[in-house]
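Data first, discussion second: the structure below is written as structure tokens.
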Amino acid sequence: MNQKATSNTPAKTPSTASVLVLGSGTSHGVPMIGCECATCRSDDPRDTRSRASILITVHGEASILIDTSPDLRAQALQHGLRRVDAILYTHSHADHVLGLDDVRRFNSLQRQPIPCYGDLRTLTDLRRTFAYAFEDTAHQGGGIPRVVLFPLAGEFSIGAAAFTPVPVMHGSRVIYGYRVGNFAYLTDCSAIPETSWPLLEGVEVVILDALRDRPHPTHLSIAESLQIVERLAPERAFFTHMCHDLPHVATCARLPEGVELAYDGLAFEISLRNGANPSGVRGPRE
Ligand SMILES: [Zn+2]
Ligand SMILES: [Zn+2]
Ligand SMILES: [Zn+2]
């Protein structure tokens, strides 16, 4: 019997993954409808911020989306995204879930439902917001996003990537960030509870919410995020979920070394090994 070569299957378990920032903007996006401010009118592409989402690609194994922003279709086209193997939800606010219907296209390409992870409140909200996708009766025309919902229950793995849900405060609501290897994604965060800090030990690269300079009840300000970065002491920190108060170049110029604003299209490598583990691969610095 002829053995077909499977040259595109990696021989070893991948130890690194790439992170691609699909969207770095607050719920309104930047530019904001009807705003004439300098950031909204900027021609620096890094001042154009779609709604917050990232893609984690475990090389040769899986493409994992964190949140399905209302801009998912445009983000997927922009970056040639052809595959989504799992979706991890941080919470059910509109700017993080409303792109779920666009998942239909990945269902067609992959010919199977996509596993989605989220806390119980998020999954309940998804069932209500996208009721047509979860009804027993056959939906006529257009099709439905086909997903399988998994409630968060501690650490879980997708291929070689082990994810730890990290509870963070988003105003009075507990939502979830995710840690994988030496990286953590903490969007829509106003505080990190003391009990979550051990989950972040050894994180070398972080993406953290920083809405604007002025305080906000449900989001970290730049000053508050910088305090968290100081305690976390990662090698690199990127801020996300920014509003139009923060022009890219001028804001980056006043941030300390190792801290930058993320932007749509930013990409970097992470290690899938825990950063606290001395045998782990070091995170990228370049
Ligand atoms: Zn948000
Ligand atoms: Zn503006
Ligand atoms: Zn939110």
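The values are calculated or read from the model by the stated rules, or taken from the named source; none is laboratory data. As the structure is a prediction and not an experimental result, all values here were calculated from the model. With ideal geometry, Cβ positions are generated from the backbone for all residues, glycine too; neighbour counts draw on all protein chains shown.
Quick notes on this one:
- Check on Val19, modelled with pLDDT of 95 or more, under 20 Å from Ser190 (Cβ atoms) and either within 12 Å of ligand 1 (Cβ to nearest atom) or not small (Gly, Ala, Ser) (or both): no
- For region 198-223, the set of residues classified as touching a residue at least 24 places away in the same chain (Cβ under 8 Å) and in a helix (DSSP H, G or I) consists of Leu199, Leu200, Ile222, listed by residue number.
- Positions within region 18-39 being within 13 Å of ligand 2 (Cβ to nearest atom), in a loop (DSSP other than H, G, I, E, B) and crowded, with 18+ Cβ neighbours inside 10 Å, in sequence order: Thr26, Gly29, Pro31, Thr39
- Residues located in region 21-61, provided they are out of contact with any helix residue (DSSP H, G or I) (no Cβ under 9 Å at 6 or more places or on another chain) and under 19 Å from Leu100 (Cβ atoms): Ile54, Ile56
- Search result, residues across region 45-74 that are outside any loop (DSSP other than H, G, I, E, B), touching a Gly at 6+ places or on another chain (Cβ under 6 Å) and not basic (Lys, Arg): Ser53, Val58, Ala62, Leu72
- Residues (over 12 Å from the mean Cα position of the chain (by Cα) and not hydroxyl-bearing (Ser, Thr, Tyr)) located in region 42-65: Asp43, Asp44, Pro45, Arg46, Asp47, Arg49, Val58, His59, Gly60, Glu61, Ala62
- Scanning region 224-264 for residues that are assigned to a loop (DSSP other than H, G, I, E, B) and free of Cβ contacts under 8 Å to residues at least 60 places away in the same chain yields a total of 8.
- Summed over region 48-59, residues that are basic (Lys, Arg) and free of Cβ contacts under 8 Å to residues at least 60 places away in the same chain total 1.
- Criterion applied to Pro217, Pro198, Pro193 was being surrounded by fewer than 16 Cβ atoms within 10 Å (Cβ to Cβ), over 18 Å from the mean Cα position of the chain (by Cα) and within 16 Å of ligand 3 (Cβ to nearest atom), and the one residue passing it is Pro217.
- Output for region 165-197, where each listed residue is among the small types (Gly, Ala, Ser), in contact with a Leu (Cβ under 8 Å, 6 or more places away or on another chain) and part of a loop (DSSP other than H, G, I, E, B): Gly181, Ser190
- The C-beta contact set for region 29-47 (first residue more than 16 Å from ligand 1 (Cβ to nearest atom), second residue assigned to a loop (DSSP other than H, G, I, E, B) and aromatic (Phe, Trp, Tyr), distance under 7 angstrom, 6+ apart or interchain) comprises Arg46/Tyr263.
- Flag for Thr137 being out of contact with any Lys or Arg (no Cβ under 8 Å at 6 or more places or on another chain), at pLDDT 95 or above and among the polar types (S, T, N, Q): no
- Here the condition is being surrounded by 13 or more Cβ atoms within 10 Å (Cβ to Cβ), under 30 Å from Trp197 (Cα atoms), touching a Cys at 6+ places or on another chain (Cβ under 6 Å) and modelled with pLDDT of 95 or more; of Val174, Val180, Val168, Val147, it holds for Val168 alone.
- Scanning region 161-197 for residues that are in contact (Cβ under 8 Å) with a residue 40 or more places away in the chain and basic (Lys, Arg) turns up just one, Arg173.
- Count - residues of region 79-133 that are within 15 Å of ligand 3 (Cβ to nearest atom), in contact with a strand residue (DSSP E or B) (Cβ under 6 Å, 6 or more places away or on another chain) and of a type in the set (Ser, Thr, Tyr): 2
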